[in-house]
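The values are calculated or read from the model by the stated rules, or taken from the named source; none is laboratory data. As the structure is a computational prediction, the values presented were derived from the model and not from experiment. Cβ placement follows ideal geometry from the backbone for every residue including glycine, while neighbour counts extend to all protein chains displayed. The accessibility values were calculated without ligands, DNA or RNA, using every heavy atom of the protein model including side chains. Shrake-Rupley method; radii C 1.70, N 1.55, O 1.52, S 1.80 Å.
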Amino acid sequence: MSAAGQAAQFFIGWDVGGWNCDKNRESRDALVILDAERQLVGTPWRGNLRKSINEAATARDWLRKIFGYCQADFPEHNLHAVLAIDTPLGFSEAFRRLITRREYAESVEQSNTNVYLFRATERYLFDHGLAPLSPVKDMIGSQATKGMHVLAKFAPQVTQCGVWSDGDCLTAIEAYPSACKTSAFIQNWLLPYVIGERVDPPGRLWIEAIDHQDKRDALICALIAHAFVFSLSALTAPLASIDSAEGWIWVPKDALQTDRAPAVE
């Protein structure tokens, strides 16, 4: 992360809600900011980021608004943030060819190998025991276009497959919190935010600041952002064959099942 230099580093998790999620009680935008020691910065926030996205002119402007939502002091200078986003940040090459050139795939079979519905990164996760959603068929198109809009506006430079930047203060990657349920690596990092276990119904008791599932997903995203800088070897890197326009989902290696045979396309 040479772009950051000696800048103060922050790690932001964004669980993405739809464009008009203001009144959606179940799913809204959620933000968690961590520092280099994985301590909470400010207060995790939940709402709709649409207004801030529309109003901000640069990545720095938008980060200033994000820090404001989280009631955190914004360092005007010497800042670098890694933003991990929980939504698909691209469409498959086959889907893009279909809608822009009317070029069709030769064969379409089972859902998890459908090249229109899933990118190569998602098909890779299917091959390793996970079940990612599709922005085409799973009603998350609003969230996906919101995330891609933010990349286009605030982090348009593709620095490598699955990594976007504004060339100054912001780096963005795609995360997938659901994949981390079986990751001992991430589950261990979550322990400082857990205060106990509930018996009925069974589940974790979280610190007061992490009081909604959206915020818990944003926290996991922030931890993935931190791992991207300090524990990159714990994450699965993009395959050499991946089209950078499709992007890549950064998941912990220990979340993948390695004894599964790849699906036949």
Could you tell me what percent of the accessible area of the chain is made up of carbon and sulfur, with a 1.4 Å probe and every protein chain present?
50 percent
Relative contact order (%) - the chain, alpha-carbon pairs under 8 angstrom, separation at least six:
26 percent
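For Val158, what charge total do you get from the other residues with a beta carbon under 13 Å from its beta carbon, if Lys and Arg give +1 and Asp and Glu give -1?
On the way: positive: none; negative: Asp166, Glu174, Asp243, Glu246.
Result for the local shell: -4.
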Helix-only [θ]222 nm of the chain, DSSP H runs n ≥ 4, -39500 (n - 2.57) each, per residue, nearest 500
-8000 deg cm²/dmol
Anything in the chain that counts as a DSSP H helix reaching 24 Å or more along its axis (C-alpha) with Kyte-Doolittle mean of at least 0.0? List them, would you?
213-230
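Which net charge results for the neighbourhood of Lys215, defined as the other residues with beta-carbon distances under 9 angstrom from its beta-carbon, given Lys and Arg at +1 and Asp and Glu at -1?
Numbers: positive: Arg46, Arg216; negative: Asp15, Asp211, Asp214, Asp217.
So the environment of Lys215 carries a net charge of -2.
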Which lysines does Lys253 reach when only Cα atoms under 20 Å apart count, and residues fewer than 8 places away in its own chain are ignored?
Lys181
Any chance you could check the Cα centroid distance between segment 17-58 and segment 104-168 for me, in angstrom?
21 Å
Putting +1 on Lys and Arg Cβ atoms and -1 on Asp and Glu Cβ atoms, find which of Gln71, Asn54, Phe230 reaches farthest to the positive end of the dipole of the chain.
Asn54
Which lysines, on any chain, are close to Lys153 with Cα under 29 Å apart, when same-chain ones fewer than 8 places away are left out?
Lys23, Lys51, Lys65, Lys137, Lys215
Local charge sum around Tyr176 (other residues, Cβ-Cβ under 10 Å, Lys/Arg +1, Asp/Glu -1)?
-4
Could you work out the pair-distance distribution P(r) of segment 196-265 from its alpha-carbon pairs, with 10 angstrom bin width and percents rounded to whole numbers?
15, 32, 32, 16, 4
